[in-house]
Amino acid sequence: MSGIMQKIQERLQSYRVPGYYKKYDYRWTMVIDLDKCNGCQACVVACYAENNLQTVGKDNCGIARNMSWIRIEKYYEGEYPDIKVKFIPIMCQHCDKAPCEIGCPVFATYHNQDGLNTQVYNRCVGTFTCATYCPYDVRRFNWFTYKRDKPLDQQYNPDVTVREMGVMEKGTFCIQRIRAAKDKAKDEKRPIKDGDVTPACVQACPTGAMTFGDLYDPNSRVAKLAKDPRRFYLLEEKNCGPNVIYLKRVMKDGSKA
Amino acid sequence: MDRKPEGLSYRGVNEDIINFMTKTGPKYYLVLGFFILCSVFLYLLPWIHQIYTGQGVTGLNVPVVWGVYLVNFVFWVGVAHAGTLISAMLYITETPWRRAIARSAETMTLLALIVVAFFVFIHMGRPWNFYWTFPYPNQRKIWTSFQSPIMYDVFAIGTYFTSSLVFLYFGMIPDFASLSQSTTGWRKSFYKAMSLGWRGTDRQWHLQAKASMFFASFIMPLVVSVHSIVSWDFALSIVPGYAQTVFAPYFVTGALLSGFAAVILALTVLRWTFPMMKKYILIHHYDRIGLFILVLALTWSYLTGMEIITGYFANTSDEIQHITYKILTYPYSWLFAFMIFCNTILPLVLISGKVRRSEKLMFFLCIFIIIGMWLERYLIIPNSESRKFLPYMWHSYTPTWVEMSITVGALMVFISLFMIIIKIFPVISIFEIKEDVGVPMKKEGH
Ligand code: SF4
């Protein structure tokens, strides 16, 4: 009897893991050193180029309907001329307990075996539930059919889908690059090494503020950086288990480093 | 007061209802045509425009992605609720005054649910894929997500619609039979087919009563569950202003409040346009529904207080920010004050029996309640999203002309449907009124 109960318990517990995986193959994590970020927005541009993000035109951009999957939030402190600007790049945090996933009625967003929170564009019906539930507001919606002008459509990245009107999209940690690295590693019959995968934003960052890797691998750079005393998660109190670690030095007396 | 329809005979009831359904003047067609025209121009064409151009024609924007469409969705589910309460709950408790108005209220439920379903599709980014939200077997082996509250919306509304339809139909079968005897032309064959060979034997009456009782008991929990499920769309998120445990009872109460107000509006319009209706829809009904509205308004006010106070007690910066935005920031502070005026202060006049028995006063009061309840949903749905966690993304929402026109158009659609339905189906339950009238001669069984 107790054996059965235990089995049921285990079974129920396994359901609590998003996607019902016992353990993910990888735990992709990004570490962003806010002390290094200078707000140059190179990561944003890189994301546009890599992930076929559409430009929405002047009017729509003016009302903040831009499609950028990663955005640099700027917070100003103090009065001019003694003003300080703080930057924080925010993209999809690939939460372990993603609130968006429970909302979607059609499984368009779910956890894959890498522990990534993925979005299946073809399945999306556009109920907006995920964007509502997302505490980071990183989901972007295709409000119209966006097209690139003539020669520019040659720039589309063939590895990434071009999304149609009416679907939700969001940052993927450049899943196409993760896929490519996995394939290569499989061909060479080895697990993915640290540094095999570099998302576009990480690659573009001129100050090296961003680092990407597998947190399960104790020797990876992210695992080391994750032990940094400056670490914090964005909106950690919401208990979503985000997978982007921010590093920021905060002085005891509240002054900025 | 006159609690029962008076001066009626069995034959009189039949004739009244048939005349009401068949004798349609040109004025009626003119008004109906006007409303259908309005529906096309205010509802259909803007929607087609939206489907072609994209959801971008609305005022929605991340993070405010649930706007007026969802407000209307919740509002119309609310309107649907009172019909079920009147027809099912009062059926079970054998409340005598329900008989004359139950049918029209239940018809309203059904039509409101059609409007609701369409608001779900209007709200979707890709409405042509709506069937993906139904769990149907397919070769792609994709199932729907049973942890999603939106999924349960589909089920809840589907169940609600189907069972209301069946309940309504079962109640109508004896009426169809009696109508088929006294009508001619297409109506005769139509009613005959619909009456399913009803002869009025004891056994049939017995089964009919049994089935009605079964469906009434089946629907009764739905009154509570459907709007609770709708409220979970919001309560299951972590957005400040949405994540409220009080939401299920709060939404159900609000739904019933707006539903009863809508019933009063419909009954009053029926009374005003068809003097014949005055024989059936009595001031006594206003009195009873007035009492319901009073109780519901007080409960609603208490729960509104709780909603704000629990948020305030949580004392997290985001809850405080949300409450400040909703109650104290300029346009919304006025809207909030107006909502409290409509739903808490104004219904207090219902304590006086004179007001409850005056159809004019009740009519205007109910218009205010309807507006107040719509505002309540407006203040909850887009406004909570305007103030989510990251201040950089704070964003105010204003509906565009497309959204407002579809909102008004939905009302036109509802009115047109109602006007068509009451001419085809008996909007007053003939056999139940006859029960009120009293049996002319003694019969065995019933
Ligand atoms: S590219 Fe690097 S430095 Fe520039 S904004 Fe992005 S994170 Fe900051």
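The values are calculated or read from the model by the stated rules, or taken from the named source; none is laboratory data. These numbers come from a predicted model, not from an experiment. Virtual Cβ from ideal backbone geometry, glycine too; neighbours counted across all protein chains shown.
Residues in segment A:58-89 that are more than 16 Å from the ligand (Cβ to nearest atom), closer than 21 Å to B:VAL64 by Cα and touching a residue at least 40 places away in the same chain (Cβ under 8 Å): how many?
Summing the residues that are more than 16 Å from the ligand (Cβ to nearest atom), closer than 21 Å to B:VAL64 by Cα and touching a residue at least 40 places away in the same chain (Cβ under 8 Å) in segment A:58-89 gives 3.
Just to be sure before I move on: is B:GLY83 closer than 17 Å to B:SER217 by Cα and within 13 Å of the chain's Cα centre (by Cα) in the structure I sent?
For B:GLY83, the condition - closer than 17 Å to B:SER217 by Cα and within 13 Å of the chain's Cα centre (by Cα) - is met.
Just the residues that are more than 9 Å from the ligand (Cβ to nearest atom) and farther than 17 Å from A:GLY115 by Cα, please, taken from segment A:199-214.
Passing the criteria: A:ALA200, A:GLN203, A:THR211.
With respect to B:ILE415, determine if the residue is surrounded by fewer than 21 Cβ atoms within 10 Å (Cβ to Cβ) and either farther than 24 Å from B:GLY290 by Cα or touching a residue at least 40 places away in the same chain (Cβ under 8 Å) (or both).
yes
Here is a list: A:SER14, A:SER2. Which entry is free of Cβ contacts under 8 Å to residues at least 40 places away in the same chain and touching a helix residue (DSSP H, G or I) at 6+ places or on another chain (Cβ under 7 Å)?
Every option except A:SER14 fails the conditions.
Do we find a residue being away from the ligand (no atom under 16 Å from the Cβ), modelled with pLDDT of 90 or more, buried (at least 17 other Cβ atoms within 10 Å of the Cβ) and in a loop (DSSP other than H, G, I, E, B) anywhere in segment A:32-53?
yes
Looking at (1) within 11 Å of another protein chain (Cβ to nearest Cβ); (2) closer than 15 Å to A:ARG139 by Cβ, which is the one condition that is false for A:ILE88?
For A:ILE88, the exception is condition (2).
Among the residues that make up segment B:63-79, is at least one of them without any contact (Cβ under 8 Å) to a residue 12 or more places away in the chain and not in a strand (DSSP E or B)?
No - not one qualifying residue is present in segment B:63-79.
Could you list, in sequence order, the residues of segment A:100-115 that are more than 13 Å from every other protein chain (Cβ to nearest Cβ) and at pLDDT 90 or above?
none
Name every residue in segment B:39-62 that is buried (at least 18 other Cβ atoms within 10 Å of the Cβ), facing chain A (nearest Cβ under 9 Å), in a helix (DSSP H, G or I) and of a type in the set (S, T, N, Q), in order of residue number.
Of everything in segment B:39-62, just one residue is buried (at least 18 other Cβ atoms within 10 Å of the Cβ), facing chain A (nearest Cβ under 9 Å), in a helix (DSSP H, G or I) and of a type in the set (S, T, N, Q), namely B:GLN55.
Evaluate the following for A:THR132: is it in contact with a helix residue (DSSP H, G or I) (Cβ under 7 Å, 6 or more places away or on another chain) and among the β-branched types (Val, Ile, Thr)?
So A:THR132 passes the test.
Please state which one of A:GLY126, A:GLY166, A:GLY195 is away from the ligand (no atom under 16 Å from the Cβ) and touching a strand residue (DSSP E or B) at 6+ places or on another chain (Cβ under 7 Å).
That would be A:GLY126, the only listed residue that is away from the ligand (no atom under 16 Å from the Cβ) and touching a strand residue (DSSP E or B) at 6+ places or on another chain (Cβ under 7 Å).
Note down all Cβ pairs under 7 Å where the first residue falls in segment A:35-46 and is under 9 Å from A:CYS205 (Cα atoms) and more than 14 Å from chain B (Cβ to nearest Cβ), the second is of a type in the set (Ser, Thr, Tyr) and near the ligand (Cβ under 6 Å from one of its atoms), and they're at least six residues apart or on different chains.
Pairs found: A:CYS37/A:THR207.
Could you check A:ALA98 against (1) crowded, with 22+ Cβ neighbours inside 10 Å; (2) over 14 Å from A:PHE173 (Cβ atoms) and say which number it fails?
Here A:ALA98 clears every test but (2).
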